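Q: Quick one: the structure is below, questions incoming.
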Amino acid sequence: MPNQRLVGSRIREKRLDRGLRQASVAETVGISPSYLNLIEHNRRRIGGKLLADLARVLDVDTSLLADGVDGETLDQMRGAAASVGRTVEVDRTEELAARFPGWAALIAMQAQKIAALEERGRVLTDRIAYDPQLAGSLHEVISAVSAIRSSASILVGPEELDQDWQRRFHENIHNDSIRLADSSEALIAYLEAPEGVLEQSGSPFETVENYLERSGFHIAALEEGATPAQVLKEAGLEGSPKAVLREVLNDYAQGVAQLPLAKLEKACRKHNYDPAALAQFFGVPLSVVMRRLAQLPPGKGHPPMGLVICDAAGALTFVKPAPGFTMPRSGGACPLWPLYGALSRQHQPIRMDVQMPGRNGTRALCFALAEPRAPTTFDAPPALQSMMLVIPDPPEPAAEPHPVGVSCRICPRTDCPSRREPALKGMDTQTVL
């Protein structure tokens, strides 16, 4: 999200990086040094020709001065800071990214790789601890080794055995060694997963989201009449990710049947992308509209929208990020998001303007709703599912937005009653609001 309040800081940083004097830069662009000083200290707004002239003198792209670093990179850097649990200058993340965009991109990329490796480690640990097939294979190996050892100990014992008994024990050792070899080969083949499987070693939900992200979470084939089975076959996923994707595709196809894309796009522009108005206009459940809004094709002039779904335990089962908005899967997300508040208010839609912390915290309009995923029955807890649609950078709200965050570890709000743990040292608590 553009942050005009930091344009001056970025101009000053680039000028210092180039070793240019304030007076010479001001003279080149035709303004006074005192006016440039006010700009660099964010006390004068700047744009248009003057911004372009300064970008030319500083040899940088105008958009880098105007917009700074994209929100996704900043979110990844802050997430990296939260994961290490060490003292870092989180409040200067944007300053670092603006001055050294290459290093910022590298930090974000490495943070993603580290998160993927840690997730793979968790998956493999669970696999070793709980996988029944692995436990059975290990039991078979141990059983064969024990049998061979038992037969061999009898053969080398002090008691004399006749030829017939010796032949029997030799035959047992031979058969058990064959069984051991087969079991070992099967175990090695099971542990040495092919690269394609390792790439899917993260959670099934993340694997599916990575697949959907390549198309901007818009599946053109389903919009054009393909069946979920056809799309599922072409996706090439196996195991748990395949089962998760099948459910996602079935929901998607049902939404297409209820709200065809052409009619939806036309109505969206008419009703200004208001989920409640669209649900009333089409006579469909609000949850269907929220899903379909998140499935609008990118690059067609629609505002970017994020979508998050969680179960009754608060575990995230689907995350579609949006500019300046994301939610962590590990470490615990901020409990103040209406996604979680909706769990205690079943069937009650929630509309809430929210504000992220910090000088340039993203403001977003959220729509949340919790409903049973399956038909409810007596004497059984409902299979609740909460859904939240997020529209970043909406028009100014009538009332003050509600404060939310990403994670307690990188949130500078010291007076939050929902805080689970202190923030990392280095957070700037003076610039939260």
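Q: Is it the case that segment 378-388 has a residue that's of a type in the set (Gly, Ala, Ser), free of Cβ contacts under 8 Å to residues at least 12 places away in the same chain, surrounded by fewer than 14 Cβ atoms within 10 Å (Cβ to Cβ) and out of contact with any strand residue (DSSP E or B) (no Cβ under 6 Å at 6 or more places or on another chain)? Working first, answer last.
A: Going through segment 378-388, the residues of a type in the set (Gly, Ala, Ser) turn out to be 380, 383, 386.
Filter once more, so that each one left must be free of Cβ contacts under 8 Å to residues at least 12 places away in the same chain: 380.
Subsequent filtering for residues that are surrounded by fewer than 14 Cβ atoms within 10 Å (Cβ to Cβ) retains 380.
Subsequent filtering for residues that are out of contact with any strand residue (DSSP E or B) (no Cβ under 6 Å at 6 or more places or on another chain) retains 380.
Yes; the residues of segment 378-388 include at least one that is of a type in the set (Gly, Ala, Ser), free of Cβ contacts under 8 Å to residues at least 12 places away in the same chain, surrounded by fewer than 14 Cβ atoms within 10 Å (Cβ to Cβ) and out of contact with any strand residue (DSSP E or B) (no Cβ under 6 Å at 6 or more places or on another chain).
Q: On to the next question. Tell me the residue from 343, 293, 307 that is under 17 Å from the mean Cα position of the chain (by Cα) and not in a loop (DSSP other than H, G, I, E, B), please.
A: Values: 343 fails: under 17 Å from the mean Cα position of the chain (by Cα); 293 fails: under 17 Å from the mean Cα position of the chain (by Cα).
The unique qualifying residue is 307.
Q: Still on this structure, please answer the following. Give the residues of segment 333-375 that are of a type in the set (S, T, N, Q) and in contact with a strand residue (DSSP E or B) (Cβ under 6 Å, 6 or more places away or on another chain), sorted by residue number. Before the answer, list the steps.
A: Our first condition is that a residue be of a type in the set (S, T, N, Q); within segment 333-375, this holds for 344, 346, 348, 355, 360, 362.
Of everything in segment 333-375, those that are of a type in the set (S, T, N, Q) and in contact with a strand residue (DSSP E or B) (Cβ under 6 Å, 6 or more places away or on another chain) turn out to be 346, 355, 362.
Q: Hey, can you tell me all the residues within segment 48-62 that are in contact with a helix residue (DSSP H, G or I) (Cβ under 8 Å, 6 or more places away or on another chain) and in a helix (DSSP H, G or I)? Outline the logic, then answer.
A: The initial filter retains those residues of segment 48-62 that are in contact with a helix residue (DSSP H, G or I) (Cβ under 8 Å, 6 or more places away or on another chain), namely 50-55, 57-62.
Passing the criteria: 50, 51, 52, 53, 54, 55, 57, 58, 62.
Q: Please work out which one of (1) surrounded by fewer than 15 Cβ atoms within 10 Å (Cβ to Cβ); (2) among the aromatic types (Phe, Trp, Tyr); (3) under 26 Å from the mean Cα position of the chain (by Cα) is the condition residue 367 fails and give its number.
A: All conditions are met except number (1).
Q: Out of curiosity, is residue 251 surrounded by fewer than 20 Cβ atoms within 10 Å (Cβ to Cβ), among the charged types (D, E, K, R) and within 21 Å of residue 228 (Cα to Cα)? Show your work before the answer.
A: Numbers: surrounded by fewer than 20 Cβ atoms within 10 Å (Cβ to Cβ): yes; among the charged types (D, E, K, R): yes; within 21 Å of residue 228 (Cα to Cα): yes.
The answer is yes for residue 251.
Q: Within segment 380-393, can you find the residues that are at pLDDT 85 or above and over 13 Å from residue 336 (Cα atoms)? I'd like the intermediate steps shown before the answer.
A: To start, the set of residues in segment 380-393 that are at pLDDT 85 or above comprises 383-392.
Scanning segment 380-393 gives 383, 384, 385, 386, 387, 389, 390, 391, 392.
Q: Out of segment 345-360, which residues are buried (at least 17 other Cβ atoms within 10 Å of the Cβ) and farther than 18 Å from residue 308 by Cβ?
A: 357, 358, 360
Q: Is it fair to say residue 264 is farther than 29 Å from residue 116 by Cα and over 18 Å from the mean Cα position of the chain (by Cα)? It would help to see each step written out before you state the result.
A: On the way: farther than 29 Å from residue 116 by Cα: yes; over 18 Å from the mean Cα position of the chain (by Cα): yes.
Yes: the conditions hold for residue 264.
Q: For the list (1) within 30 Å of residue 406 (Cα to Cα); (2) in contact (Cβ under 8 Å) with a residue 12 or more places away in the chain; (3) in a loop (DSSP other than H, G, I, E, B), I need the number of the one condition that residue 249 fails.
A: (3)
Q: I've got another one for you. Among the numbered criteria (1) modelled with pLDDT of 90 or more; (2) within 18 Å of residue 81 (Cα to Cα); (3) of a type in the set (S, T, N, Q), which one does residue 326 miss?
A: Evaluating residue 326 over (1) modelled with pLDDT of 90 or more; (2) within 18 Å of residue 81 (Cα to Cα); (3) of a type in the set (S, T, N, Q) leaves (1) as the failure.
Q: Something else: When you look at residue 396, is it surrounded by fewer than 22 Cβ atoms within 10 Å (Cβ to Cβ) and modelled with pLDDT under 80, yes or no?
A: Working: surrounded by fewer than 22 Cβ atoms within 10 Å (Cβ to Cβ): yes; modelled with pLDDT under 80: yes.
It is true that residue 396 is surrounded by fewer than 22 Cβ atoms within 10 Å (Cβ to Cβ) and modelled with pLDDT under 80.
Q: Quick check on residue 307: is it buried (at least 19 other Cβ atoms within 10 Å of the Cβ) and in contact (Cβ under 8 Å) with a residue 12 or more places away in the chain? Outline the logic, then answer.
A: Values: buried (at least 19 other Cβ atoms within 10 Å of the Cβ): yes; in contact (Cβ under 8 Å) with a residue 12 or more places away in the chain: yes.
For residue 307, the condition - buried (at least 19 other Cβ atoms within 10 Å of the Cβ) and in contact (Cβ under 8 Å) with a residue 12 or more places away in the chain - is met.
Q: Within segment 333-343, does at least one residue satisfy the condition of being among the aliphatic types (A, V, I, L, M) and within 22 Å of residue 112 (Cβ to Cβ)? Explain how you work it out, then say what you get.
A: Restricting attention to segment 333-343, the residues satisfying the condition of being among the aliphatic types (A, V, I, L, M) are 333, 336, 339, 342-343.
Retained after the next criterion (residues that are within 22 Å of residue 112 (Cβ to Cβ)): 333.
Within segment 333-343, one or more residues are among the aliphatic types (A, V, I, L, M) and within 22 Å of residue 112 (Cβ to Cβ).
The values are calculated or read from the model by the stated rules, or taken from the named source; none is laboratory data. All values reported here derive from a predicted model rather than from experimental measurement. All Cβ positions, glycine included, derive from the backbone under ideal geometry; neighbour counts span all protein chains shown.
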